[in-house]
Every structure is written in structure tokens, then in C-alpha cells.
């Protein structure tokens with residue numbers, strides 16, 4: 001058995017309890033939702049008073065650093081406590097789809113909101129027991145602002161700031177486990193990008209630039225097992241480190257007609273990567 005989570009107890013447990021804890025802590029697998037949302041062009045492409053609507057989708061994969069946490073273990077009514085270190089979760093995958101609505105309240109400024117759903121997946125990251133996590137389809141919210149700071153001929157320079165909020169609930173399970181473990185993950189993310197957009201023609205443009213990504217997250221896990229007619233309940237909580245990650249992105253915009261455009265883009269940071277796309281209709 002490959003054990004990733006380091007557990008330090010402030011009380012003395014028997015070997016059987018350590019083994020039980022090792023088997024169950026796997027659930028403390030954090031599934032962090034982040035998901036890098038599509039940034040889109042870092043400039044406003046609406047005139048004052050115009051709006052547009054459409055669909056945004058993204059596929060992302062990232063590593064998540066967590067901070068050591070306190071855990072409690074209750075055995076026949078007696079509670080013990082200790083510290084559990086989960087470390088870094090690698091290759092957490094998220095799939096997101098949004099309905100997006102954007103509006104320009106003033107010249108060269110655009111505000112947008114997103115409402116949709118997301119799924120998170122993680123596999124065999126903790127114990128090499130072929131365990132898998134897949135969340136239910138959960139509600140995801142997002143929104144932000146984008147603005148054009150400079151424009152001349154075919155070149156535009158601007159920026160975008162956006163945030164998203166998600167909660168992912170699901171089960172971590174393996175075929176030979178007697179029961180699955182339950183995870184609850186809450187995530188709040190912020191992305192800030194500066195960049196440029198260059199129009200090669202009326203129908204084709206490229207865009208991109210550097211961006212920063214900040215994650216706040218919380219992972220809760222409660223596990224119950226019966227061992228030799230003894231009920232053992234364990235509760236864990238991890239925080240996802242709120243470090244700022246830096247990276248870059250680039251994309252292309254294709255205009256299918258004057259009021260309809262498609263964006264395709266790629267994002268990369270030191271611990272995450274994502275592919276995004278959108279289809280927008282302007283009115």
C-alpha cells in the first residue's frame with residue numbers, strides 16, 4: 001500500500017487503529033475544483049449599450065498544494081486528535097460548461113456573468129489501490145470585467161479580471177472497499193490577465209498575454225468504519241494553499257458572421273493547464 005498522507009497523533013493508538021486510519025484517510029483525498037475558466041480576449045469587443053450571450057466550456061488539469069490539518073477520531077465515544085498532512089494532489093481534472101451573458105455599460109468596458117455546472121475527477125493519487133473520485137454535477141458561478149486600454153488600427157491592449165465559485169461533492173471509492181468515502185470541496189478562484197489582441201482580418205484575430213491565478217479552497221472529509229464491532233468516525237479538513245500562480249495564455253478568435261464568434265484558447269501555469277472555448281452571439 002502506498003501511503004501519501006502523513007498522520008501524527010497526539011494520543012497512542014494501537015496498530016489496528018493506525019491501519020484503519022491509513023485505509024480510510026485515502027478519502028481525505030481532496031478534489032479541488034479549480035478549474036481555469038476561459039479568459040477570452042483581454043479587451044472589450046462590445047460598444048456601449050450592446051450585450052452578447054453564449055456558451056463557455058473548459059477542460060483543465062492541475063496540481064493542488066494543501067496545508068497540514070487537524071483531524072479527530074472518535075472510537076466508542078472517546079475522541080482523539082492529531083495532525084494529517086496531505087501534501088500535493090496531482091492531476092486533478094475539471095470539466096466546466098457555462099451560459100454567459102456580457103454587457104457594456106460604458107465605452108471600452110464590459111461586465112459578464114456565468115452560470116453553469118462542473119465535474120471534478122481524480123484517480124489513484126493516494127494509495128495505488130485503483131481508487132477513483134468523480135463528483136456529482138454541481139452548480140458553478142462566475143463573472144468579471146474586461147477593458148480596452150489602448151487601440152490603434154489592428155492592435156488592442158487591455159485586461160480582464162474574473163472569479164468563480166464552486167462546491168464539489170462526491171465519493172472516493174475502489175471496487176474492493178466496503179464503502180466509499182465522502183468529500184466536500186469548496187473553491188473560490190481569481191484570474192487576472194493583461195494582454196493584447198491583433199486582428200489579421202475581419203474574421204480572424206489572435207490574443208494572449210500573462211495572467212495570475214489565485215485559489216482559496218477548503219476540503220472536508222468524514223469517514224465512518226466498523227472494525228471488529230467498533231465504530232470509528234474520522235473527520236478531516238484541509239485548506240488549499242492560497243499561493244499566486246503565474247502563467248500565460250493564447251487563443252484565436254474566428255468570426256462566423258458579424259454577430260457570431262468562436263474563441264479557442266490554451267492556458268498554462270507552473271502547476272495547471274487548460275483548454276477553453278466559447279461561442280458568442282452579439283446583439
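No value in this document is a laboratory result; all are computed from the given coordinates. Here the structure is a predicted model, which is why all the values come from computation and not from measurement. Positions of Cβ are backbone-derived with ideal geometry, glycine not excepted, and every protein chain shown enters the neighbour counts.
Shown is the FRET efficiency for residue 282 and residue 130, computed with R0 = 35 Å from the Cβ-Cβ distance and rounded to the nearest 0.05: 0.15.
GNM remark for the chain: springs join alpha carbons under 10 Å apart, and the peak mean-square fluctuation among 242, 63, 259 falls on 259. Would you mind checking the tilt of helix 15-25 against the longest principal axis of the Cα atoms of the chain, expressed as 0 to 90 degrees and rounded to 10? The answer is roughly 20 degrees. The simple Förster model, with R0 at 30 Å and r as the Cβ-Cβ distance, assigns residue 258 and residue 212 a FRET efficiency of 0.30. Summarising the label geometry, the points placed 7 Å from Cα in the beta-carbon direction at residue 201 and residue 80 lie 7.1 nm from one another.
Each peptide in 95-101, 80-86 receives the mean, over its residues, of other Cβ atoms within 10 Å, and ordering these scores from highest gives 95-101, 80-86.
Listed by Cβ neighbour count within 10 Å, with the fewest neighbours leading, 260, 44 appear as 260, 44.
Sorting 250, 211 from the fewest to the most surrounding beta carbons within 10 angstrom yields 250, 211.
Ordering 134, 226 from the fewest to the most neighbouring beta carbons within 10 Å gives 226, 134.
The length gained by stretching the chain between residue 233 and residue 137 to full extension, at 0.36 nm per residue less their Cα-Cα distance, is 31.9 nm. Compared with the alpha-carbon gap, the fully stretched path from residue 95 to residue 176 is longer by 26.4 nm at 0.36 nm per residue. So which residue, out of 229, 237, 245, gets the largest mean-square fluctuation from a GNM of the chain using Cα contacts under 10 Å as springs? Among 229, 237, 245, the largest mean-square fluctuation in the Gaussian network model of the chain belongs to 229.
Net length available on complete extension from residue 190 to residue 242 is 17.7 nm, with 0.36 nm assigned per residue and the Cα-Cα distance removed. The listed peptides 109-121, 49-61, ordered by packing as a protection proxy, come out as 109-121, 49-61 (highest mean of other Cβ atoms within 10 Å first).
Each peptide in 196-205, 136-145 gets a packing score, the mean of other Cβ atoms within 10 Å over its residues, and the list from highest to lowest is 136-145, 196-205.
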